[in-house]
Amino acid sequence: MLNRRNKLLLLKLLSLFSVVRGYNILMIGLAQYLASIYILSPDLPLRKVVLDLNLFAIVLASALVIASGYIINNFYDAEKDLINKPRKSMLDRLVSQRFKLTTYFVLNFLAVFAASYVSFRAVFFFSAYIFGIWFYSHKLKRVPFIGNFVSATLAIAPFFVVFVYYKNFESSIFVHAMFLFLLILAREMIKDLENMAGDIAQNYRTIPILYGTKVSKALISILILLTLLPAILLIYFFDVGYMYLYFIGSIFLMILFLGMLWRAKTKLHYVGLHNILKFIIIVGVFSILLIDIDLVLNRIL
């Protein structure tokens, strides 16, 4: 049986894991590796990619910066999250703000240190990435649409650095990136509808607050319709193996999403819509394996 002190320590560890959203970081790291293996360097042996220390340093630096980004975002949004996410906020508050800031600086230092193993350009990229996340959390998050756009850009930055590392400039990669970017941008705008109560209380100037929910829904609908374009291109004009099944499924889900969006009225509805887009993104990570089934089997066997 755990004593009181050990229980408190366990709760604090869970709180810190909640703040940095460890499950998201693990998913992004997995996505970076799968993209590296099956999209960016399909001709390289699996062993060479997985055991590449430079790639490991990039993925590690990305994870550390993303974790620190969640911490600084949590720091600035503490009061808003008390309204929008009361249960999660109570868990997050088990770790003091001072400890969060200390952890934030330590994680950023470790990220830059990890990047220094790769190159000076990697150090510059991750330093700029750290600054971009802080500037977004401190200033840009309150600016309508620009804040959403910057947030989506920061979300795909870890894939951009891996893309640059492999110097693979095939057009299919840009189409994949556009599909992911538009999907994330739509999800960011859904979060504004989901978090209206806290945003109003903290004087955030988001699109649904300034222009109304109809304008916000119209913009999200445009983004989803635009997302259908790269999905269709990847199905009909690029060799994505059995991953075409994922894109077909995504198209059906996005059409369902549009129908539900215009009927949505409550926070619970918007949470459900958010989860649909999140589901599409998560399934997409594992669907990378479908690009070449033979390649998967050959690399495993």
Quick check: anything in the stretch 62-74 within 22 Å of the chain's Cα centre (by Cα) and either outside any helix (DSSP H, G or I) or modelled with pLDDT under 75 (or both)? no
So which of 148, 108, 195 is of a type in the set (S, T, N, Q) and assigned by TED's automatic domain parsing to the domain that holds residue 282? 195
Sole residue being modelled with pLDDT under 85 and not small (Gly, Ala, Ser), chosen from 51, 94: 94
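Please go through the stretch 194-221 and pick out each residue that is of a type in the set (Val, Ile, Thr) and part of a helix (DSSP H, G or I). I'd like the intermediate steps shown before the answer.
Filtering the stretch 194-221 for residues of a type in the set (Val, Ile, Thr) gives 200, 206-207, 209, 213, 215, 220.
Within the stretch 194-221, 200, 207, 209, 213, 215, 220 qualify.
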Identify all residues within the stretch 40-58 that are part of a helix (DSSP H, G or I) and either in contact with a Pro (Cβ under 6 Å, 6 or more places away or on another chain) or surrounded by fewer than 23 Cβ atoms within 10 Å (Cβ to Cβ) (or both); write none if there are none. 40, 46, 47, 48, 49, 50, 53, 54, 55, 56, 57
Taking into account only those residues within the stretch 186-226 that are among the charged types (D, E, K, R) and at pLDDT below 85, which is surrounded by the most Cβ atoms within 10 Å (Cβ to Cβ)? 199
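Give the residues of the stretch 227-260 that are among the small types (Gly, Ala, Ser) and either within 23 Å of residue 30 (Cβ to Cβ) or surrounded by 13 or more Cβ atoms within 10 Å (Cβ to Cβ) (or both), sorted by residue number.
231, 241, 249, 250
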Name the residues in the stretch 261-273 that are exposed (fewer than 14 other Cβ atoms within 10 Å of the Cβ) and either of a type in the set (Val, Ile, Thr) or without any contact (Cβ under 8 Å) to a residue 40 or more places away in the chain (or both), would you? 263, 265, 266, 268
Which residue, of 133, 184, 190, is in contact with a Phe, Trp or Tyr (Cβ under 7 Å, 6 or more places away or on another chain) and assigned to a helix (DSSP H, G or I)? 190
Residues satisfying the stated conditions in the stretch 241-252, i.e. in contact with a helix residue (DSSP H, G or I) (Cβ under 6 Å, 6 or more places away or on another chain) and of a type in the set (A, V, I, L, M): 243, 251
Somewhere in the stretch 169-178, is a residue in a helix (DSSP H, G or I), surrounded by 18 or more Cβ atoms within 10 Å (Cβ to Cβ) and hydroxyl-bearing (Ser, Thr, Tyr)? no
Within the stretch 141-156, is there a residue that is crowded, with 20+ Cβ neighbours inside 10 Å and in a loop (DSSP other than H, G, I, E, B)? no
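The values are calculated or read from the model by the stated rules, or taken from the named source; none is laboratory data. This structure is a prediction, so every number in the text was calculated from the model and none was measured. Here Cβ is always computed from backbone atoms with ideal geometry, including for glycine, and neighbour counts include all displayed protein chains.
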